[in-house]
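Engineer: I am attaching a structure below and will ask some questions about it afterwards.
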Amino acid sequence: MAELKLPVSEESIRNLEVGDFLELSGRMITGRDAAHKWLMEDFREDVAPYLKDSVIYHCGPVVNQKDDGSWEFVAAGPTTSIREEPYQADVIARYGLRGVIGKGGMADRTLTGLGRSGAVYLHAIGGAAQVLARAIPRVEKVFMLDEFGVPEALWVIDVERFPVVVTMDSHGGSLHKVVENGSKTKFDELLGRKG
Amino acid sequence: MFEKIDLKETFTELVRRASTELPGEVVEAIRAGRNVEDEGSLAQKALDTILTNIEMAGDSSAPLCQDTGTPVVWIKYPVGVSTRRLEEDFTEAVRRATELKYLRPNAVDTLSGRNTGDGTGRAIPFIHFEEWDGPGLEVRMILKGGGSENVGAQYKLPDTGLEAGRDLEGVRRVVLDAVVQAQGKGCAPGVLAICIGGDRVSSFEHSKEQLLRSLGDTNPVPELAELEERLLVEANELGIGPMGFGGKTTVLGVKIGFLDRIPACYFVTITYMCWADRRAIVQIDEEGGLTWLS
């Protein structure tokens with residue numbers, strides 16, 4: 001399993017292909033439904049440096065605030081990415097993201113955006129909230145907590161050996177397309193229809 | 001009745017168990033899936049991670065998944081018990097469980113977009129009451145994750161595109177379609193909880209109730225038992241696999257119930273439950289004694 005340090009260069013990202021296992025280390029940021037809409041409504045200068053050459057994690061964590069005021073992630077698996085399809089390619093281009101972590105994959109608009117901007121889609125294991133929370137030893141800061149609430153806020157986090165699989169790369173490859181096409185062929189066969 | 005018993009504490013424990021521990025037969029089904037996947041495949045690695053996660057959540061009494069879902073609850077109560085009090089106590093238990101981090105603050109005011117902060121909101125938790133002859137209470141709960149809820153589906157038969165008529169073959173065709181549409185997005189391998197018949201509301205409610213059944217049980221209606229078995233095999237032949245990575249383990253179980261319908265309607269409702277098939281069931285006797293059934 002290869003290790004990938006964040007922030008990361010476009011060249012390193014373009015070397016990745018569908019099926020690669022990676023362990024990420026470094027700084028990233030979470031963001032989901034409310035965050036993506038907000039990131040496109042205006043250029044958010046205070047958040048932008050945390051997105052540049054890093055990745056955004058589609059995650060709504062369970063978070064504990066310790067007595068000293070600092071935060072820790074208690075449970076932190078990925079959420080379904082396809083809801084961000086209307087925004088994702090533009091968020092990547094606008095803020096210079098090198099990748100997205102989520103689950104379930106994304107569609108053509110994002111796939112095209114990954115190729116154009118030099119970015120990848122990284123699949124984390126859905127529901128593996130404990131395994132993934134333990135790969136997040138530190139929460140650095142949080143944006144929009146009061147406005148969006150705990151699950152939807154943008155959390156800046158440090159990760160160590162955070163496990164993901166490349167399922168969409170910057171060369172037009174998508175594991176999700178391959179699996180979907182295969183399942184549709186089999187479906188037609190089970191229903192006694194011609195493909 | 002039950003005035004001297006701290007139901008809030010028991011309900012909080014019910015929520016903790018559901019959020020942090022999976023029923024044994026669900027874990028066994030995941031392990032069996034892991035063992036049939038190709039050695040070193042993405043599918044096998046995904047299931048290994050899931051099995052590790054289940055162990056970690058149990059050991060540390062922490063949520064299996066950060067989406068702790070909608071608490072959907074069915075309470076059977078004897079004559080004379082106030083359902084209003086039961087509802088208040090359960091809602092308070094959800095607040096406590098959220099405070100204790102067994103649940104994420106998971107309720108959002110739909111109009112303002114603001115998180116309510118304490119895990120409760122309009123119809124959250126969602127509680128069904130049923131009076132019964134027993135002297136005690138029976139409380140059954142599922143935690144229904146949102147990613148999988150989004151891939152649930154309701155079909156009305158006949159469905160011309162799928163060549164699905166108003167019979168069990170028609171049901172089979174639309175259920176397989178729902179699995180293909182869902183791909184890995186409902187956190188496969190999932191459980192298909194199905195209701196045939198009813199109206200749009202009762203059909204969804206009854207489909208969710210199928211999730212209270214043990215994965216290993218046998219449907220008492222022979223033709224439904226047969227269809228459950230067949231759909232389990234065929235859904236897994238689709239090759240979608242864990243997380244949609246491709247593989248042999250797409251579905252862990254299929255459970256089918258039915259309601260009667262009016263002549264104009266023939267609904268087939270599929271509730272898709274993620275691999276984190278969380279449920280907990282407890283019986284509470286008049287003295288406050290507890291029997292955990294799941």
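The values are calculated or read from the model by the stated rules, or taken from the named source; none is laboratory data. Remember, predicted model here, so these are calculated numbers, not experimental data. Every residue, glycine as well, gets a Cβ built from its backbone with ideal geometry; the counts of neighbours run over all protein chains shown. Please note that ligands, DNA and RNA were not included when accessible areas were found on the heavy atoms of the full protein model with its side chains. Shrake-Rupley method; radii C 1.70, N 1.55, O 1.52, S 1.80 Å.
Engineer: Only residues that are in contact (Cβ under 8 Å) with a residue 60 or more places away in the chain and small (Gly, Ala, Ser): list them for the stretch B:66-125, please.
Structural biologist: Once the filter is applied, which keeps residues that are in contact (Cβ under 8 Å) with a residue 60 or more places away in the chain and small (Gly, Ala, Ser), the stretch B:66-125 yields B:GLY69, B:GLY80, B:ALA93, B:ALA97.
Engineer: Just for the stretch A:169-195: of the residues that are away from chain B (no Cβ under 12 Å) and surrounded by 22 or more Cβ atoms within 10 Å (Cβ to Cβ), which one is farthest from B:GLY239 (Cα to Cα)?
Structural biologist: A:SER170
Engineer: Further question: Filter the stretch A:49-94 for residues that are open to solvent by less than 10 Å² (accessible area, probe 1.4 Å), of a type in the set (Ser, Thr, Tyr) and more than 14 Å from every other protein chain (Cβ to nearest Cβ) and give the result.
Structural biologist: A:SER54
Engineer: In the stretch B:199-218, which residues are part of a helix (DSSP H, G or I) and aliphatic (A, V, I, L, M)? Don't jump to the end; show me each part of the working.
Structural biologist: Step one: filter the stretch B:199-218 for residues part of a helix (DSSP H, G or I), giving B:200-212.
Selection gives B:VAL201, B:LEU211, B:LEU212.
Engineer: Of the residues A:ALA124, A:ALA119, A:ALA129, A:ALA153, only one is at the interface with chain B (Cβ under 7 Å from one of its Cβ atoms), within 19 Å of A:ARG83 (Cβ to Cβ) and open to solvent by less than 10 Å² (accessible area, probe 1.4 Å); which?
Structural biologist: The conditions single out A:ALA129.
Engineer: Of all residues in the stretch B:219-237, which are closer than 16 Å to B:LEU252 by Cα and not in a helix (DSSP H, G or I)?
Structural biologist: Result: B:ASN219, single match.
Yes or no, residue by residue, for (1) more than 13 Å from chain A (Cβ to nearest Cβ); (2) under 27 Å from B:ILE75 (Cβ atoms); (3) of a type in the set (Ser, Thr, Tyr):
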residue: B:PRO105; (1), (2), (3): no, yes, no
residue: B:LEU111; (1), (2), (3): yes, no, no
residue: B:GLY119; (1), (2), (3): no, yes, no
residue: B:PHE129; (1), (2), (3): yes, yes, no
residue: B:VAL139; (1), (2), (3): yes, yes, no
residue: B:VAL151; (1), (2), (3): no, no, no
residue: B:LYS156; (1), (2), (3): yes, no, no
residue: B:GLU163; (1), (2), (3): no, no, no
residue: B:GLU169; (1), (2), (3): no, no, no
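Engineer: Out of the residues in the stretch B:260-294 meeting the condition of being aliphatic (A, V, I, L, M) and open to solvent by 60 Å² or more (accessible area, probe 1.4 Å), tell me which one is farthest from B:ARG173 (Cα to Cα).
Structural biologist: B:LEU290
Engineer: I've got another one for you. Just the residues that are outside any loop (DSSP other than H, G, I, E, B), closer than 25 Å to B:GLY58 by Cβ and charged (D, E, K, R), please, taken from the stretch A:48-84.
Structural biologist: Hit for the stretch A:48-84 is A:GLU72, nothing else.
Engineer: Condition check: touching a residue at least 40 places away in the same chain (Cβ under 8 Å), buried (at least 23 other Cβ atoms within 10 Å of the Cβ) and at the interface with chain B (Cβ under 10 Å from one of its Cβ atoms). Does A:ALA34 satisfy that? Reasoning before the result, please.
Structural biologist: Numbers: touching a residue at least 40 places away in the same chain (Cβ under 8 Å): yes; buried (at least 23 other Cβ atoms within 10 Å of the Cβ): no; at the interface with chain B (Cβ under 10 Å from one of its Cβ atoms): yes.
When the stated conditions are applied, A:ALA34 does not pass them.
Engineer: Given (1) under 30 Å from A:LEU22 (Cα atoms); (2) open to solvent by less than 40 Å² (accessible area, probe 1.4 Å), where does B:PHE11 come up short, assuming only one miss?
Structural biologist: Tallying (1) under 30 Å from A:LEU22 (Cα atoms); (2) open to solvent by less than 40 Å² (accessible area, probe 1.4 Å), B:PHE11 fails exactly one: (1).
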